[in-house]
1. Checking residue 17 against (1) within 24 Å of the chain's Cα centre (by Cα); (2) modelled with pLDDT of 90 or more; (3) exposed (fewer than 12 other Cβ atoms within 10 Å of the Cβ), which single condition isn't satisfied?
2. Of these, 26, 70, 56, which one is modelled with pLDDT of 90 or more and within 30 Å of residue 125 (Cβ to Cβ)?
3. Could you tell me whether any residue of the stretch 106-124 is exposed (fewer than 13 other Cβ atoms within 10 Å of the Cβ) and under 30 Å from residue 20 (Cβ atoms)?
4. Out of the helices (runs of 4 or more DSSP H) lying entirely within the stretch 1-102, which hold 2 or more residues that are touching a strand residue (DSSP E or B) at 6+ places or on another chain (Cβ under 8 Å), away from the ligand (no atom under 16 Å from the Cβ) and in contact (Cβ under 8 Å) with a residue 40 or more places away in the chain?
Ligand SMILES: [Zn+2]
């Protein structure tokens, strides 16, 4: 188990303020935008990774300052705040049900089961949607015989745990262009 950032409960204004301030201080490697790779060897990887890490570090730092952490499940890369909430609801319902002697009948038992199944179904759907997304892209690249992209996507699939966390937990709106920027550079 590791921690999940609760974007829904965090101070987004503070997060925004910190990222604006710090991102402006990160030097942009403009030369990379104009640079061309050799046919077989890319010599820009280190610079791209370096820039990427600087951006990610700023966002991690801002999140640490402004966004609350709760325990989450690191083995599920698609984990998000909705699943976290359903999990908490299910646990609460279970505790109340257990406290009154675990009755097998009655509305509280039905409510407990309702919360439990809702949570289980949501996890299943989120896992399927996540797998489909990655697999769709893989087969697209394969059909277009875009082996370079296919290879990159395979690496991405392998490492998606870290990266996907960022896309999943990015709050809607202002952070999207930043993430697109990063992924634009990478893929
Ligand atoms: Zn290159």
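The values are calculated or read from the model by the stated rules, or taken from the named source; none is laboratory data. A quick note: this is a predicted structure, and the numbers were derived from the prediction, not measured. All Cβ positions, even for glycine, are placed from backbone atoms using ideal geometry, and neighbour counts span all protein chains on display.
1. The single condition residue 17 does not satisfy is (3).
2. Details: 26 fails: within 30 Å of residue 125 (Cβ to Cβ); 70 fails: modelled with pLDDT of 90 or more.
The conditions single out 56.
3. Taking every residue of the stretch 106-124 in turn, none turns out to be exposed (fewer than 13 other Cβ atoms within 10 Å of the Cβ) and under 30 Å from residue 20 (Cβ atoms).
4. On the way: elements: 12-23, 30-34, 45-66, 81-99.
The qualifying helices (runs of 4 or more DSSP H) are 81-99.
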